[in-house]
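Worksheet: one structure, shown below.
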Amino acid sequence: MALMAKSAPRPAPCESACIQLEITEPVMPVSLNIEVPGGRTERVIAQGVRLPFHHTALYSTADAYQMAAEFHIVLGERPLARDNVDACRVRVRNLKWSGAGVPKIEVDFDIDKDGRITIAAANKDKKSTELLAHIEQPRISAQTLAQAVADAEEHEQEDDQHRANIDTMLVGYSLLDQAFERFSLAKRRMDFGRKRAYKAARKRLQTALQVMPPEATAATMAELENALDAFRARYDDMEEDYLRVKSWWGKQ
């Protein structure tokens, strides 16, 4: 008879995550960032902000039917999450079962004058919030913070390239979103050959965008630029058909 492994006890939900920064004056020594899809950082609180400071931001899910969302908090000035100081991970469970971008999660960042960071979250779709926090470093030394600033200065040229790559990727994502509506109308006037060419260009761009910023190379970025140019040409080619079909709906 097979033996069943005893399951580990389920972690108890907590109310917030707390991290102490070692500071000598009431000023944020580095930026506080959250990791977003693709391994890049999104700045929440900028370096140099006077303390105490409070900020609240509203987030949602990246994928459909997520039952939990995790927020990875890092400290530093670099564009990729992996290159900054790992502070904590806050996980919110029991989210609304729905499509991507629908659940509402409010994350609260509070920093007192002594550098104590408190991060809490509220599940806006439910009466209660189940929050789990994993603190990577409960106390972050002044030396670690100073090293994060020094690392950003040392790798400035490399990071500028990462930022340029990210900007190009964001242009690609945005163009794909815009093209969805344009193609949904324009295809009513497009022949089979143009539809097939559009779909091929779209697939090429989507494939190029699968390379995330941390793994991007000169070769993958060159392919992304070429794929973006090819798709943009197909996007522009649909404009007349899109406007014509759109005018049909306007007349009804």
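The values are calculated or read from the model by the stated rules, or taken from the named source; none is laboratory data. Model, not experiment: these values are computed from the prediction. Every residue, glycine among them, receives a Cβ derived from its backbone with ideal geometry; neighbour counts consider all protein chains shown. Note: accessible area is taken over every heavy atom of the protein model, side chains too, but ligands, DNA and RNA are not part of it. Shrake-Rupley method; radii C 1.70, N 1.55, O 1.52, S 1.80 Å.
Worth pointing out:
- Test: residue in segment 57-70 that is modelled with pLDDT of 95 or more and buried (at least 20 other Cβ atoms within 10 Å of the Cβ): no
- Of the candidates GLN210, GLN178, the single residue that is of a type in the set (S, T, N, Q), at pLDDT 95 or above and within 18 Å of the chain's Cα centre (by Cα) is GLN210.
- Considering residues of segment 165-186 that are exposed (fewer than 13 other Cβ atoms within 10 Å of the Cβ) and of a type in the set (Gly, Ala, Ser) only, the residue nearest to GLY115 (Cα to Cα): SER174
- Tally, over segment 102-111, of residues that are open to solvent by 50 Å² or more (accessible area, probe 1.4 Å) and either at pLDDT below 90 or under 14 Å from ARG50 (Cα atoms) (or both): 1
- In a residue-by-residue description of segment 25-45, the property of being acidic (Asp, Glu), farther than 28 Å from LEU209 by Cα and open to solvent by 50 Å² or more (accessible area, probe 1.4 Å) applies to at least one position.
- Out of GLN161, GLN157, one residue alone is free of Cβ contacts under 8 Å to residues at least 24 places away in the same chain and more than 22 Å from the chain's Cα centre (by Cα). It is GLN157.
- Top-ranked residue in segment 215-232 [being farther than 11 Å from LEU205 by Cβ and in contact (Cβ under 8 Å) with a residue 24 or more places away in the chain; ranked as surrounded by the most Cβ atoms within 10 Å (Cβ to Cβ)]: ALA216
- Highlighted here are the helices (runs of 4 or more DSSP H) found entirely within segment 101-219 that include at least 1 residues which are within 27 Å of ILE19 (Cβ to Cβ) and of a type in the set (Lys, Arg): 156-186.
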